[in-house]
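Q: Quick one: the structure is below, and I'll ask about it shortly.
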Amino acid sequence: MEESGPLKINYLRLSVTDRCNLRCVYCTYWRDWQKLPSGEILRYEELLRLTAIAAEAGIRKVRLTGGEPLLRRGLVNFIEKLKRLPGIDQVCLTTNGVLLKELAPALFGAGLRRLNVSLDTLKRERYRRITGSDRLPAVLAGLEKATSLGFNPLKINCVVLRGLNDDEILDIARLARDHPFQVRFIELMPTASRTWWQRHFLPMAEVRQRLAVLGSLEPSIREAAAGPARIFRAPGFRGELGFISPMSQHHCGVCNRLRLSSDGALRPCLLEEKELDLKGALRQGVSDALLGHLFQKVISLKLRKSAHPITGLKAIPCDLPMVSIGG
């Protein structure tokens, strides 16, 4: 069930690092990628100040991303402080899960409850091919640990890749039958290579068709600060299934998110080339009022666009360094 009424920009994806311990084939064109010097990454006190200003501009939900956020030292203490900021109702984290078993207890102790874990396959050798690392056992152990601690919601993000993992769609969906997970299938975007995208793209309509054997899917109620996933329940499932279709059925008209990269660039959209350099303003000593004006400027830019130009593949930028932007 979709909420009606005017769109509210109330969700900030906050990247805390551009470092990652995996090299997923669909994320970034790794051959050309270079990590930022540490001094270019926003300090935690800078991130807290900007998030407090974002809250005054209407942001209510913050999702911590990377790179891989669990690689950054001091993250647990940062989460504790973030959760105390007035106006921030939800703090969430997206991780590849490699370090989750080790860090889950501390994250839970810091008050974090909302967790997304990337998992594109249940086959060990295939996981190594997709991510460049043989870490599937560590990810599954992290999921088990997070489940036992009581993280809720615990979401699994699966990028569907034709010819690489699409034969596992049913098996991955059934994780939500046996566990209280929200399993979300995500369409591939042309972020690493347009040619590679054309070879491996699978539209979400085909994913839904393959899941028809599960029975009739009933829509779930959408949260006020929810992201782009369309959520459903299948008969007999403990959890839910979600579908994210940025290519075949884009959600630009209802997107409520801003993105702040780890080096302080504020974007109204992942695919929007225009961005504002908040780090430069911040380190020049500008006032909170001026920083708030910059947030409002980006919010206004987003609201003026009923849809991003995802009207054809040629209109979409490719070779986006997702690890740097905070995809």
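Where a number appears in this text, it was derived from the coordinates with a stated rule and is not lab data. Note that the structure is predicted; figures quoted are calculated from it, not measured. Using ideal geometry, Cβ is built from the backbone for each residue, glycine included, and neighbour counts are taken over all protein chains shown.
Q: What lysines does K35 reach when the alpha-carbon gap must be under 23 Å and sequence neighbours fewer than 8 apart in one chain are set aside?
A: Partners within reach: K274, K279.
Q: Compute the separation of the alpha-carbon centres of the stretch 231-250 and the stretch 122-172 and state it in Å as a whole number.
A: Here the answer is 17 Å between Cα centres.
Q: Run through all the Cα pairs of the stretch 186-272 and give the fraction in each 10 Å bin from 0, expressed as whole percent.
A: Reading upward from the zero bin: 14, 37, 34, 14, 1.
Q: Another question, if that's okay. Mind checking which of D18, D166, D178 has the largest fluctuation in a GNM of the chain, springs on alpha carbons under 10 Å?
A: Of D18, D166, D178, the most mobile in the Gaussian network model is D178.
Q: Among I130, I53, L99, flag the residue with its Cα farthest along the positive direction of the charge dipole of the stretch 24-162, charges on Cβ as +1 for Lys/Arg and -1 for Asp/Glu.
A: With unit charges placed on the Cβ atoms, the residue in question is I130.
Q: How high is the FRET efficiency between S287 and K8 when r is their beta carbon distance and R₀ equals 25 Å, given to the nearest 0.05?
A: Values: r = 25 Å, r/R0 = 1.01.
Calculated value: 0.50.
Q: Go through K83/K145; K101/K155; K61/K81; K81/K101 and tell me which ones have a Cα-Cα distance over 20 Å in this structure.
A: K83/K145; K81/K101
Q: Same structure, new question: Of all beta bridges DSSP finds with both residues in the stretch 143-299, what is the antiparallel percent, to the nearest 5? Write down the numbers at each step before the final one.
A: Details: 9 of 20 bridges.
Restricted to the stretch 143-299, the bridges split so that about 45 percent are antiparallel.
Q: What number comes out for the charge environment of R162, summing +1 per Lys or Arg and -1 per Asp or Glu over other residues with Cβ under 13 Å away?
A: With Lys, Arg at +1 and Asp, Glu at -1, the net is -4.
Q: Further question on the same structure: Take each uninterrupted DSSP H stretch in the chain, measure its Cα extent along the helix axis, and return the ones at 15 Å or beyond whose mean Kyte-Doolittle hydropathy is at least -0.5.
A: Helices passing the filter in the chain: 44-56, 136-149, 288-304.
Q: Would you mind working out the magnitude of the charge dipole of the stretch 11-325 relative to its Cα centre, with +1 at each Lys and Arg C-beta and -1 at each Asp and Glu C-beta, to the nearest 20 Debye? Present the calculation step by step, with values, prior to reporting the outcome.
A: On the way: 49 positive and 31 negative charges, 30 e Å.
The dipole of the stretch 11-325 has a size of about 140 debye.
Q: Okay, next question. Across the stretch 1-135, what fraction of all alpha-carbon pairs, as a whole percent, falls in each successive 5 Å bin from zero upward?
A: Taking all Cα pairs of the stretch 1-135, the binned fractions are 2, 9, 18, 19, 18, 15, 11, 6, 2, 0 percent.
Q: Using a basic spin-label model with each label point 7 Å from the Cα along Cα→Cβ, how many nm lie between Q198 and D32?
A: 1.8
Q: Return, for the Cα atoms of the stretch 11-325, the radius of gyration and Dmax in Å, separated by a comma.
A: For the stretch 11-325, the Cα radius of gyration and maximum Cα-Cα distance read 18.9, 59 Å.
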